[in-house]
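What follows is calculated from the coordinates using simple rules that are stated; it is not laboratory data. In this text the structure is predicted, and so the values were computed from the model without any measurement. Cβ atoms come from the backbone with ideal geometry, glycine included; neighbour counts cover every protein chain shown.
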Amino acid sequence: MAHRIQVPEIVAQIVLGPQETRHVQVLRLRPGEVIQVFDGRGGQASAVLRELEEGRAVLELAPEVQVQSRGAELPAPVTLAIALLKGDKLADVVRAATELGVSHVQLLVTQHAEAREIGAQKLVRLRRIASEAARQSERTVTPEVLEPVAIASLSWEGRLLVAHPGSQARVTELLDWQAPLTVLSGPEGGLSEQEMAGLLARGAQAVTLGPRILRAETAPLALLGAIAATGV
Ligand code: SAH
């Protein structure tokens, strides 16, 4: 498998700064070798390493540039809206959600959550985890992890599916890939009736994840797993 590195922009000649050059050095790449570059926004191409020196490397796009159309991406962007969770649980959720194909993770402040905010360092760490997981799972898009918003001010494009115990509809019945999709999962204490009513009034649809109550860190993965397992 060709080595993959993330670059700021895919252009004919790509000049890497110290941090990305470090990655090239860690991979022990030598001038003349071909590597895969991706920009984290869906662009991917083969490039040849032309120059390598301390803190600087130059790549040139291979003659037949193959910028993939969709690659390993889902047919439409999927956002995971997830309540802030206790401790380090979000790290695992973000890592797995990235593997399962999300384009954005929108953190949410909810009434029954014990966590009310997230520190700047923790957010940086979540972003790093998303970037690393995107690379590992051979995606061309690195999901954006967005600062928390109050659930009442969540805005979305297309459809919003909210995991809510006791609902009838199934995720897979509602997938049509005609528009972007947002899936929402609540905190340890669940979503309040008021929060649920607010979302439904704004056009959200409630979905079941089966008759068992899942933990707050399991539910988002069951939601995304159902989507990913459709094989698209
Ligand atoms: N104590 C809460 C459960 C919280 S579980 C209650 O009894 O309602 C945390 C979140 O996981 C929920 O807000 C919901 O979004 C999701 N979830 C857990 N199990 C689910 C299920 N069987 N169906 C749909 N959503 C579920």
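With the convex hull built on the Cα atoms of the chain, state its orientation-averaged projected area in nm². Don't skip to the end; give the middle numbers.
On the way: hull surface 53.9 nm².
Average of the hull's projected areas for the chain equals 13.5 nm².
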Residue-by-residue Karplus 3J(HN,Hα) for the range 94-103, coefficients 6.51, -1.76, 1.60, Hz, glycine and proline x: 5, 4, 5, 4, 5, 4, 8, x, 5, 9
Which residue, ARG125, ARG41, ARG28, has the most motion in a Gaussian network model of the chain that connects Cα atoms within less than 10 Å? ARG28
Long-range amide H contacts for LEU184: which residues qualify at under 5 Å (H placed 1.01 Å from N, peptide plane, sequence gap of 5 or more or a different chain)? ALA81, LEU161, VAL162, ALA163
May I ask you to evaluate 6.51 cos²θ - 1.76 cosθ + 1.60, the Karplus curve with θ = phi - 60°, for each residue of the range 177-189 and list the ³J(HN,Hα) values in order in whole Hz, giving x for glycine and proline? 6, 7, 8, x, 10, 10, 10, 10, 10, x, x, 3, x
Could you point to the residue in VAL102, ALA134, LEU191 farthest towards the positive end of the chain's charge dipole, with +1 and -1 charges on the Cβ of Lys/Arg and Asp/Glu respectively? LEU191
Taking amide H atoms as placed 1.01 Å from N in the peptide plane, list the residues 5 or more away in sequence, or in a different chain, whose amide H sits under 5 Å from that of LEU85. LEU90
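Given only helices, namely DSSP H runs of n ≥ 4 each adding -39500 (n - 2.57), what is the per-residue ellipticity at 222 nm of the chain, to the nearest 500 deg cm²/dmol? Walk me through the numbers before you get to the answer.
On the way: 6 runs with 60 residues, N = 232.
That calculation yields -7500 deg cm²/dmol at 222 nm.
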If amide H atoms are modeled at 1.01 Å from N in the peptide plane, then the residues at a separation of 5 or more from VAL149, or on another chain, having amide H under 5 Å from its own are LEU107, LEU108, VAL109
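With a ≥ b ≥ c taken as the square roots of the eigenvalues of the C-alpha gyration tensor of the range 88-191, please select rounded if a/c is under 1.5 and otherwise prolate if a/b is larger than b/c or oblate if it is not? Don't skip to the end; give the middle numbers.
On the way: a/c = 1.79, a/b = 1.10, b/c = 1.62.
Here the range 88-191 falls in the oblate category.
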Given springs between every Cα pair under 10 Å in a Gaussian network model of the chain, which of ARG159, ARG22, ARG95 has the largest fluctuation? ARG22
Normalising by the residue count of the chain, find the relative contact order in percent from Cα pairs under 8 Å and 6+ residues apart. 19 percent
Spelling out what I want: for every residue of the range 14-21, take phi, set θ = phi - 60°, compute 6.51 cos²θ - 1.76 cosθ + 1.60 (Karplus), and round to whole Hz; glycine and proline get x. 10, 9, 9, x, x, 5, 6, 4
Taking the dipole about the Cα centre of the range 3-67, with the C-beta of Lys and Arg at +1 and of Asp and Glu at -1, give me whichever of VAL26, GLN44, VAL7 is farthest to the positive side. VAL26
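At a threshold of 8 angstrom on Cα-Cα distance, excluding pairs fewer than six apart, so keeping six or more, what relative contact order does the range 3-67 reach in percent? Intermediate results must be reported in sequence, preceding the final value.
On the way: 129 pairs, mean separation 24.1, N = 65.
Dividing the mean separation by the residue count of the range 3-67 yields 37 percent.
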